[in-house]
Amino acid sequence: MGYNWSVWLLPTAEDNKIFTEYITLYSKLYGSDCFFPHVTLFGRMNVNPKLFYSFFNKVRSESEIDNVQTLKIKIGDPPWKRMYIQLSLHKNLIELQKKIYKKFKKYRNYEFDPHVSLAYGNFTPDKKDISLISHQEMISFSSIAIVNTPNEIKNWNIIQKFDSI
C-alpha cells in the first residue's frame with residue numbers, strides 16, 4: 001500500500017521565512033531538494049483526504065499552539081530524518097497530535113517525534129555544519145495542512161490548508 005499524504009503543522013509566516021532559509025542552506029550544501037518547513041503530525045496515508053476536511057476544521061478551531069521551544073540540531077537516519085531541529089514536548093502540540101492520531105490510527109501506526117527537518121537525503125552530514133546556523137529558540141505555528149508527500153520531495157505540494165491554529 002502506498003501512503004501518499006501527510007498531516008503537517010506549518011509555522012507562522014515570520015517563522016516560515018526563517019526556517020526556509022535554514023532548509024535552503026542545508027539543501028544547497030548537501031545537494032538535496034528544498035521543502036516547506038513543517039512538523040509532521042501524521043505521515044503518509046492512502047485514503048481520500050477530502051473525507052477529513054470537516055475534522056481538520058474542527059481540530060483547527062479547538063487547538064492553540066503557543067510558541068514551541070526548539071532544542072538542538074540533530075543528525076538522524078537517512079533519508080527522512082537526516083538533519084533536523086528537535087522540539088520540546090509542548091503540551092498543546094502533544095494534545096493536537098493525539099487528536100489526529102486517534103482519528104487516523106486505523107489507517108496506519110505513526111510514531112510522533114516533534115521536530116522540524118532541515119535536510120532530507122542519503123548524504124553524510126559533517127558535524128561541523130550544525131554550527132552554520134544559530135537557530136531561534138522558539139517556533140510558532142499558524143496552520144494545519146494536508147500535504148501530498150510522494151517519495152520524490154520535489155513533488156510535495158499542499159492539498160488543503162486549515163489556517164489560524
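The values are calculated or read from the model by the stated rules, or taken from the named source; none is laboratory data. In this text the structure is predicted, and so the values were computed from the model without any measurement. Glycine also receives a Cβ, built like all others from the backbone with ideal geometry; neighbour counts cover every protein chain displayed.
Data overview
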quantity: Subset of region 62-73 (residues that are surrounded by 15 or more Cβ atoms within 10 Å (Cβ to Cβ) and more than 16 Å from the chain's Cα centre (by Cα)); calculated: S63
quantity: Search result, residues across region 37-58 that are among the basic types (K, R) and part of a helix (DSSP H, G or I); calculated: K50, K58
quantity: Residues located in region 28-55, provided they are surrounded by 14 or more Cβ atoms within 10 Å (Cβ to Cβ) and either closer than 18 Å to Y110 by Cα or of a type in the set (S, T, N, Q) (or both); calculated: S32, H38, V39, T40, L41, F42, G43, R44, M45, V47, P49, F52
quantity: Residue satisfying all of: in region 1-12; at pLDDT 95 or above and aliphatic (A, V, I, L, M); nearest to K102 (Cα to Cα) among these; calculated: V7
quantity: Enumeration of residues in region 105-129 that are crowded, with 16+ Cβ neighbours inside 10 Å and over 19 Å from the mean Cα position of the chain (by Cα); calculated: F123, P125, D129
quantity: Region 18-39 - residue that is without any contact (Cβ under 8 Å) to a residue 60 or more places away in the chain and among the polar types (S, T, N, Q) and, of those, farthest from V147 (Cα to Cα); calculated: T24
quantity: Residue in region 103-115 that is out of contact with any Cys (no Cβ under 7 Å at 6 or more places or on another chain), at pLDDT 95 or above and over 19 Å from I146 (Cα atoms) present; calculated: no
quantity: Residues within region 98-112 that are assigned to a loop (DSSP other than H, G, I, E, B) and over 14 Å from V39 (Cβ atoms), tallied; calculated: 5
quantity: Selection status of W5, closer than 28 Å to H135 by Cα and either touching a residue at least 12 places away in the same chain (Cβ under 8 Å) or surrounded by fewer than 14 Cβ atoms within 10 Å (Cβ to Cβ) (or both); calculated: no
quantity: Looking only at region 153-165, and only at residues there that are at pLDDT below 95 and either part of a loop (DSSP other than H, G, I, E, B) or of a type in the set (V, I, T) (or both), the one that is nearest to I100 (Cα to Cα); calculated: I165
quantity: Failed condition for K102, given (1) surrounded by 11 or more Cβ atoms within 10 Å (Cβ to Cβ); (2) under 18 Å from S61 (Cβ atoms); calculated: (1)
quantity: Residue in region 74-97 that is surrounded by the most Cβ atoms within 10 Å (Cβ to Cβ), counting only those that are part of a helix (DSSP H, G or I) and not basic (K, R); calculated: L96
